[in-house]
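The structure appears right after this line, and notes come after that.
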Amino acid sequence: RRTLTSGMKLGIEIAPTHGLIGTILTVGVGAAGDPVGKEGLAHYVEHLVFRRPVKGGLNVLQTLTAMGAVHVNATTEADVTTY
């Protein structure tokens, strides 16, 4: 586990006997941090992250899938967003 300079926490679990790697990225902000009148903003941003172009014209979801990701998901809770 690592905490990035931005404050994001990153956890990686490797199961070499199964050929699997699991990665979790947690951002310490969620729905409770949404400004008044902009409820749902954290959840909206969660969705936008997957659409962000990152490499070769592909977005985050396409890049992860091209790398072999089988299950990609995210959740927004009151005080945390997890990818």
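Values as computed for the structure displayed
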| read-out | value |
| --- | --- |
| Accessible surface, per residue, of the chain when the full set of protein chains is kept, probe 1.4 Å, Å² | 79 |
| Protein accessible area in the chain, 1.4 Å probe - carbon and sulfur % | 60 |
| Value at 222 nm in deg cm²/dmol, rounded to 500, when DSSP H runs of n ≥ 4 in the chain each add -39,500 (n - 2.57) | -6000 deg cm²/dmol |
| Degrees, to the nearest 10: 41-51 long Cα axis against longest axis of the chain | 30 |
| Relative packing of 11-20, 35-44, which averages over residues the other C-beta atoms within 10 Å, highest first | 35-44, 11-20 |
| Table column - 3J(HN,Hα) (Hz), the range 15-22, Karplus curve with 6.51, -1.76, 1.60, x for Gly and Pro | 10, x, 5, 10, x, 10, 9, x |
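The values are calculated or read from the model by the stated rules, or taken from the named source; none is laboratory data. Please read these numbers as outputs of a predicted model, since none were measured by experiment. Here the Cβ is made from the backbone with ideal geometry for all residues, glycine too, and neighbour counts use every protein chain on show. Surface accessibility is based on the protein's heavy atoms, side chains included, excluding ligands, DNA and RNA. Shrake-Rupley method; radii C 1.70, N 1.55, O 1.52, S 1.80 Å.
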